[in-house]
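Inspection log for the structure reproduced underneath, given as structure tokens.
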Amino acid sequence: MGLDLIRDSTLGQIVNYLSSGRILPYPDQIPGYTVPKRFLTLDAQEKGAQLSEAVPSKLKRECSLATLTAPPVQGNGKLEGGEDVYDPFLVDWEENDPDNPQNWSFRKRCFVGFSIALLTFSVYIGSAIYTSCIPGLMEHFNVSLVRATLGLTLYVLAYGIGPMFLTPLQELPLLGRNPVYMTTLFLFVVLQIPIITAKNMNTVLALRFLTGLLGSPALATGGASMGDVFPVSAHPYAIGVWALGAVAGPITGPVIGGFAAQAESWRWPILELLWIGGFTLMFLLLLLPESYGPTILLRRARRLRKLTGNPELKTATERAGKARTVNGQIYDALVQPLILSIEPVVLFCNVYIGFVYAMFYLWFEAFPLVFNDIYHFNEGLEGLPFLGFLVSGTITYALYCWYQMKHIEPRTARAAADGKELAPEVKLELGLIASITIPTSVLIFGFASKASISWIVPVIGAALYLPGIYLVFQSVINYLTTAYPDHGAPILAANALFRSAIASVFPLFGRAFFHNLGLGPGSALLAGLAFLLMVVYGVLLKYAHVLRKRSKYAISG
């Protein structure tokens, strides 16, 4: 992990391009580089001549002595009927290729994982940090609580809508992950400035929606970035770390925002978000390498075409993409999430996760009622109880890793020894077990929030919510991506849309909900809903395989 990390970053790519490869060069841009003979035109002519005697008639039509254009398969492989296909001009990974993200060192993978988690944290903190601004906005602009809370609702809703059209862009080899990450993060940071200087509430609300929209790629594609660099066996652990970054944002937001709002004004929490986002932007511009394999190969093919003068040097995605336009790919990516969302299994998973997150955001409105009104914490201290989630989150991740190593991996190995694969529904088991902590947490928090009981008891009760939401999220996401392996991106985009749309509404009536019902009865109602969803979750676990086998999108095994 050295200069190649900087070279492959966004700034490194710009420097490489502007210097024509003289600064931060790739091996094929260094003088004296030996081009593989199979990429040279003359050599390719000879190979084409040799192949013309051996290839089947179906492939001969695609061949000439001067060039060899790939048949309608991706790269080297087999035609229908089992006939071998060889494409000497295919630009693909070499053996032990150091540019292949799957071959990166463990240190480099961990660094990239940390960087994606940091990006996710920097955007996700923007939701809850806003809660510290609400009292100041109400006073400064003379608006109601519901109108001031819209800044949270619109932000959460927007980062559910954004993946519907921003995620497909990151699946295009022409762009890849980083251009979308960095462009949207830059705009996310810049638009914090007009929020800080806003002269009316309408400006704040409009820009909160835009910044939520622009922050959505990190929340939707972060897991895919982890999958780019970590092997399949490590995906649960890597995505678990990314999810911790997502959870840490809403948890720490009220902590750092509360003290700033108390000491200065409502503008200061947003100023803190500007600082956090600005630091992350500069850090990632310099040090986050592109991780999307097709994009890395496409850039290599362009350099080799320029170096050799051979226009037939192309990647598998370039070969396969000839018949499809960029607009067509984006259209499919926009429509597929909606089509997949009506699948019974997908629909339930999305709605279930949406309600789990909705209750979580509803709590943001209950905490001031408990720790301000009952325990008389000031505006700065009222955010500190959220730190209990960090403690329970750390313990939960450790238990999650233990479960994967001691339970899932041995079962997977035994199934493989018998020539089988574990059913995707196995991924749902942990979520059902962990979901019991959600109603337990809500009940403890609601009924222990009394002046006669120490404040630490509702803090502990609240902290118990995190194991449920974290492990349910991990279970559902792992299940959906396993059951629908060819539709991972649209499945996750649909999940983000449902999750955010449902969760965004609840904060609007949170204070009224607890004021009218009371903390105890209100919490009991939420706990009852959680228990009901657990029963439906159990039914899903039992019969999901039947529904999955009837689907034309899911795997049938």
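A simple spin-label model places the labels of residue 532 and residue 418 3.9 nm from each other, with each point 7 Å out along Cα-to-Cβ. Ranking of 364, 513 by neighbouring Cβ atoms within 10 Å, starting from the fewest: 513, 364. Return one number: the angle in degrees, 0 to 90 and rounded to the nearest 10, between the long axis of the Cα atoms of helix 326-341 and the longest principal axis of the Cα atoms of the chain. Roughly 40 degrees, rounded to the nearest 10. Taking Cβ atoms as reference points and 12 Å as the exclusive limit, the residues near residue 273 contribute a net charge of +1, counting Lys and Arg as +1 and Asp and Glu as -1.
Other residues whose C-beta falls under 13 angstrom from the C-beta of residue 382 contribute a net charge of -3, scoring Lys and Arg +1 and Asp and Glu -1.
Projected label points at residue 165 and residue 525, each 7 Å from Cα along the beta carbon direction, are separated by 3.7 nanometres. Rounded to the nearest 0.05, the FRET efficiency derived from the C-beta distance between residue 146 and residue 114 at R0 = 45 Å is 0.70. Working note: Karplus 6.51/-1.76/1.60 with θ = phi - 60° gives segment 288-303 the couplings 8, x, 5, 10, 7, x, x, 5, 4, 5, 4, 5, 5, 4, 4, 5 Hz, where Gly and Pro are set to x.
Once both axes come from the Cα atoms, what is the angle between helix 387-403 and the longest principal axis of the chain, in degrees from 0 to 90, rounded to 10? Helix 387-403 and the main axis of the chain meet at about 40 degrees. In plain terms, the chain from residue 543 to residue 399 could stretch by 49.1 nm, reckoned as 0.36 nm per residue minus the Cα-Cα distance. When +1 charges are put on Lys and Arg Cβ atoms and -1 charges on Asp and Glu Cβ atoms, the dipole computed for segment 339-546 relative to its Cα centre reaches about 280 debye. Centre-to-centre separation between the Cα atoms of segment 232-280 and those of segment 1-40: 35 Å. Please work out the C-alpha center-to-center distance from segment 169-219 to segment 410-440 and express it in whole Å. Taking the Cα centre of each part, segment 169-219 and segment 410-440 sit 37 Å apart. Say the dipole of segment 339-546 comes from +1 at the beta carbon of Lys and Arg and -1 at that of Asp and Glu; which of 426, 392, 472 then lies farthest toward its positive end? Most positive-ward Cα: 426.
Once R0 is set to 35 Å, what does the formula 1/(1 + (r/R0)^6) return for the Cβ-Cβ distance between residue 552 and residue 501, expressed as a FRET efficiency to the nearest 0.05?
Numbers: r = 26 Å, r/R0 = 0.74.
Here the calculated transfer efficiency is 0.85.
Here the 3J(HN,Hα) profile of segment 153-160, calculated from phi with Karplus coefficients 6.51, -1.76 and 1.60 at θ = phi - 60°, is 4, 5, 5, 5, 4, 5, 7, x Hz, Gly and Pro shown as x.
Only Cα pairs under 8 Å and 6+ residues apart enter the sum, and on that basis the relative contact order of segment 339-546 stands at 37 percent. Simple rule: put +1 on each Lys or Arg Cβ and -1 on each Asp or Glu Cβ in segment 196-355, find the dipole, and look at 245, 224, 291; the Cα lying farthest toward the positive end is 291. The angle between the Cα long axis of helix 344-368 and the longest principal axis of the Cα atoms of the chain comes to about 40 degrees, rounded to the nearest 10.
For segment 105-291, compute Rh as the Kirkwood radius over C-alpha pairs and then the Stokes-Einstein diffusion coefficient at 37 °C and 0.692 mPa s; write the answer in µm²/s, rounded to an integer. Don't jump to the answer; show the numbers that get you there.
Working: Rh = 16.7 Å.
Estimated diffusion coefficient is 197 µm²/s.
A convex hull fitted to the Cα coordinates of segment 392-546 yields 124 cubic angstrom per residue.
In whole percents, the pair-distance distribution calculated for the chain from its alpha-carbon pairs, binned every 10 Å from zero, is 3, 16, 25, 24, 17, 9, 4, 2, 0, 0.
State the extension gain, in nm to one decimal, for the chain segment bounded by residue 139 and residue 264, taking 0.36 nm per residue of separation less the distance between their alpha-carbons.
On the way: separation 125, 0.36 × 125 = 45.00 nm, distance 1.38 nm.
That works out to 43.6 nm of additional length.
For residue 314, the residues 5 or more places off, or on other chains, whose built amide H falls under 5 Å of its own are 91.
Its Cα centre serving as origin, the chain has a Cβ charge dipole (Lys and Arg +1, Asp and Glu -1) of approximately 460 debye.
Label sites at residue 103 and residue 302, each approximated as a point 7 angstrom past Cα along Cα to Cβ, lie 2.2 nm apart. Taking the alpha carbon gyration tensor of segment 479-557, multiplying each eigenvalue by 5 and rooting it gives semi-axes of 34, 17, 7 Å, largest first.
Which of the peptides 100-113, 26-39 is most tightly packed, and how do the rest follow, going by the mean number of other Cβ atoms within 10 Å of each residue? Show your work: numbers first, answer last.
Details: 100-113: 16.9, 26-39: 12.5.
Output ranking for 100-113, 26-39: 100-113, 26-39.
Taking 0.36 nm per residue of separation and subtracting the Cα-Cα distance, full extension of the segment from residue 206 to residue 409 would add 68.4 nm.
Every number here is computed from the coordinates shown, using simple stated rules; none is lab data. Quick caveat, the model's predicted, so the values are computed rather than measured. Note that each Cβ is placed from the backbone with ideal geometry, even for glycine, and that neighbours are counted across all protein chains shown.
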